[in-house]
1. Using only alpha-carbon positions, what ratio does the radius of gyration of the range 188-255 give when scaled by 2.2 N^0.38 Å?
2. At 7 Å along the Cα-to-beta-carbon direction for both THR215 and ASN86, put a label point, then send me their distance in nm to one decimal.
3. Could you give the length gained on full extension between ASP27 and THR126, defined as 0.36 nm per residue of separation minus the Cα-Cα distance, in nm?
4. I'd like the FRET efficiency for ASN113 and ASP150, computed as 1/(1 + (r/R0)^6) with the beta carbon distance as r and R0 of 35 Å, rounded to 0.05.
5. For LEU108, what charge total do you get from the other residues with a beta carbon under 10 Å from its beta carbon, if Lys and Arg give +1 and Asp and Glu give -1?
6. Taking the mean number of other Cβ atoms within 10 Å as a proxy for protection, how do you rank 95-101, 203-209 from highest to lowest?
7. Peptides 80-87, 232-239: what's the order by average Cβ count within 10 Å, highest mean first?
8. How large is the accessible surface per residue of the range 60-181, computed with a 1.4 Å probe and reported in Å² as a whole number?
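The values are calculated or read from the model by the stated rules, or taken from the named source; none is laboratory data. Note that the structure is predicted; figures quoted are calculated from it, not measured. Note: ideal-geometry Cβ built from the backbone for every residue, glycine included; neighbour counts use all protein chains shown. Protein only, heavy atoms only, side chains kept; ligands, DNA and RNA dropped before computing areas. Shrake-Rupley method; radii C 1.70, N 1.55, O 1.52, S 1.80 Å.
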Amino acid sequence: MSGRERSQTVSVGGVSSLVGDDRGVSDVVGYILVFSLITITIGTVFAVGITGVEDRREAERVANVERAFDVLDDNLRDVQRYGDPNRATEIRLAGGTLSTSTESRFVLANTSNASEVANGTLAEWTSKTIAYEEGDTTIAYEAGALVRGDGDGSVMLSEPRFVAAENRTTVPIVALVRGGGEESVTGEGTVQITAVEGPNVDSETERFDAASGETLYLWVETDHPDAWARYFERTDGFEDATPADADGVAVAELSHDDLVYVREVVRVVGLQR
């Protein structure tokens with residue numbers, strides 16, 4: 001034999017042929033990674049997609065309710081303008097709550113001081129609020145105004161028809177009183193809101209003359225004082241509107257307060273499935 005011996009490899013059952021070949025392992029790992037990636041991608045798209053669809057569906061439900069309240073607002077404006085005795089509006093609940101459990105209060109006073117308003121009140125009026133609530137969203141009809149609240153803020157979707165000019169202010173109020181039927185309805189299905197004349201409920205116009213040198217103020221106690229305060233700020237004839245306070249009150253000075261007319265149209269409101 002020569003000085004260098006040749007090394008030999010002996011294969012037993014073909015085992016040695018796989019010792020240095022890891023392609024089989026790589027294929028398995030690759031398959032697992034690709035499958036996992038596909039599964040994660042599909043799961044993520046499905047979860048995000050379902051959330052998006054639910055959010056869109058919820059937004060559309062609230063939008064439908066808002067459109068129904070627009071019709072309610074138009075119907076009650078006809079009651080104001082033309083004295084229609086009866087009006088009815090249908091609203092689909094879509095999982096929310098419709099109620100007439102709260103009310104708005106209007107006060108005409110000769111002071112803007114909360115500690116003095118009790119003695120300075122000339123007259124006051126109240127009206128039941130028709131409100132729809134779903135989560136953090138509220139849509140409400142308040143005595144002639146349509147308001148939407150989301151979380152801690154609110155906006156006025158349709159404004160009351162207060163008019164001030166030439167030393168005269170006219171304040172029309174739709175005063176709703178609750179009749180028979182349910183005070184609150186929750187769930188699915190359609191609810192009819194009726195507003196009708198009552199046998200013992202009168203509508204009237206009251207006139208107030210400011211005394212010499214006296215300044216008159218309009219107070220609104222409401223669940224949405226910020227919306228009312230902004231309305232006063234942008235409406236001619238109302239000045240120095242206060243921001244919302246802890247008691248839910250918006251106050252504005254009447255710059256045309258020589259004569260103040262408050263026209264109250266009273267209707268009995270009811271909820272019927």
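1. The value comes to 1.55.
2. Taking the two extended label points, one gets 4.8 nm.
3. 27.9 nm
4. 0.65
5. -3
6. Most protected by this proxy first, the peptides run 95-101, 203-209.
7. 232-239, 80-87
8. 43
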